[in-house]
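Below is one structure, written out as structure tokens; comments come after it.
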Amino acid sequence: MRRRSLLIAVPAGLVTLAGCGDDKKSDSSKASDSASPSAPATSAAPPPKIVDGPLPAISAGAKFGEKPTVAKGSGDPSKNLAVKTVIAGAGKSVAENDYIQAHYLGQVWDTAKVFDNSYDRKTPLLIQLAQGSIIDGWRYALAGKKVGSRVMFSVPPTWGYGKEGNSQAGIKGTDTLVFVADIQDTFNASSSAKGTDTPQNDADLPKVGTNTDGKAPSIDIPKKDAPTKLVANYVIEGDGDEVAAKDTVLVQYKGVFWDNGKEFDSTYGRKALTSFGLQQVVKGWGQGLTGKKVGSRVLIVVPPKLGYGDNPPAGSGIKKDSVLVFTVDILAKM
């Protein structure tokens, strides 16, 4: 199995429910099989005092985005959270509850044993800086830092894996951990697609708004019969990597009914992004987003056989055999 670096809880939102009697869960819903900054079972420590050091030296890989080599800790580590901005970025500031995309390396202070790094996987971490999603040391160390920054920090057990440690990674309950994180991007409820507008010339299909101000785009349904096959068209074409069927994506989305244009689900309304594996969602989403580029806005029209068919979620307001229309902004993938 591909090594994973984070814990993704099953997100809110109707599209993440199996729609066609398929109870299989995607890889993103499984427990992590590598050490990571994922949150332990409980995370209720008081906020730490943040200090400048001590912190070990970076002896190689000193550039942003390069895998660093970090020396063994010298002497006793701080009992507080030691944080240093090694390279100051000039991008957006990270706030708590944002999703961040970052490469990172983690090792044990006393031994310099590297227990995990994303550089070798060539896939950055994508995780929310929220209590219960990530260890508290990350939440407090990275909040306020800017995209493009390299941040080094040491995390005592209190704000790491606690007294239980992480036996799978060889982390004891007394170990202080050292992390280097290269912050590549940050996303929040105001994030939108970025790219080039694509002509929407088919009068038989809905027209989607192209605003990129973080507000929900409009969806205008034509007075036509709904298509019987899946539609998945660019509204805004991004220039990022293509999404594969096994990927986890971070999105903004809005869903309406074809027959009356009424909204039934939206991340914009909740003011909260959502992430999921493409094997977790209704088949129309999984098929429609596969092959699309990160940064894009995509119109997806889902016929009943690729949506909820005759078994819609209870309490959703979705009727049997409904044709569903979505606008989806693909913000990031992992």
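Sorted ascending by nearby beta carbons within 10 Å, beginning with the fewest, PHE257, PHE153 become PHE257, PHE153.
The fewest-to-most ranking of ARG121, ARG270, ARG139, ARG297 by surrounding Cβ atoms within 10 Å reads ARG270, ARG121, ARG139, ARG297. With the simple spin-label model, which puts each label point 7 Å out from Cα in the Cβ direction, the ARG121 to LYS319 separation comes to 4.5 nm. Could you compute the net charge surrounding LEU55? Neighbours are other residues with a C-beta less than 13 Å from the C-beta of LEU55; K and R count +1, D and E count -1. Residues close to LEU55 contribute a combined charge of +1. Ranking GLY255, PHE326, SER78 by Cα position along the charge dipole of the chain, where only Lys, Arg, Asp and Glu carry charges on their C-beta atoms, puts SER78 farthest toward the positive end.
Just checking the listed ones, GLY61, GLY91, GLY162: in the Gaussian network model of the chain with Cα springs under 10 Å, the one fluctuating most is GLY61.
Fully extending the segment from PHE64 to SER190 would add 42.7 nm, taking 0.36 nm per residue of separation and subtracting the current Cα-Cα distance. Taking θ as phi - 60° and the Karplus parameters 6.51, -1.76 and 1.60, the scalar couplings of segment 236-253 work out to 10, 9, x, 10, x, 5, 6, 7, 9, 4, 8, 6, 9, 10, 10, 9, 9, 7 Hz in sequence order, x denoting glycine and proline. 3J(HN,Hα) along segment 173-187, derived from phi through the Karplus expression 6.51 cos²θ - 1.76 cosθ + 1.60 where θ = phi - 60°, amounts to x, 9, 7, 8, 10, 10, 10, 10, 10, 9, 7, 8, 6, 9, 9 Hz, with x in place of Gly and Pro. So what is Rg over Rh here for the chain, counting just Cα atoms and using Kirkwood for Rh? That ratio is 1.02, to two decimals.
Give, as a single signed number, the net charge of other residues whose beta carbon lies under 13 Å from the beta carbon of LYS113, with Lys and Arg counted +1 and Asp and Glu -1. Taking every Cβ under 13 Å from that of LYS113, the sum is -1.
Distance between the 7 Å Cα→Cβ label points at LYS92 and LYS262: 3.3 nm. Shown here for segment 161-196: trypsin sites (Lys or Arg not before Pro) in loop regions (DSSP other than H, G, I, E, B) with at most 15 other Cβ atoms within 10 Å, namely LYS172. Taking the helices alone, the chain has a mean residue ellipticity at 222 nm of -1000 deg cm²/dmol, built from -39,500 (n - 2.57) per DSSP H run of at least 4 residues and averaged over all its residues.
With a cut-off of 12 Å between beta carbons, the residues surrounding LYS254 carry a summed charge of +1, where Lys and Arg count +1 and Asp and Glu -1.
Length available on full extension from THR111 to GLU164: 0.36 nm per residue minus the Cα-Cα distance, which gives 17.2 nm. Which residue, SER93, SER191, SER316, has the most motion in a Gaussian network model of the chain that connects Cα atoms within less than 10 Å? Largest GNM mean-square fluctuation: SER316. Partner lysines whose Cα lies under 24 Å from the Cα of LYS224, excluding those fewer than 8 positions away in the same chain, are identified as LYS207, LYS254, LYS262, LYS283, LYS305, LYS319, LYS320.
Each Cα pair under 8 Å and six or more residues apart adds its sequence gap; the mean of these over the residue count of segment 34-187 is a relative contact order of 32 percent.
Since every read-out is calculated from the coordinates, none of them should be taken as a lab result. Not measured: the values here are computed from a predicted model. Neighbour counts run over all protein chains shown; Cβ positions are idealised from the backbone, glycine included.
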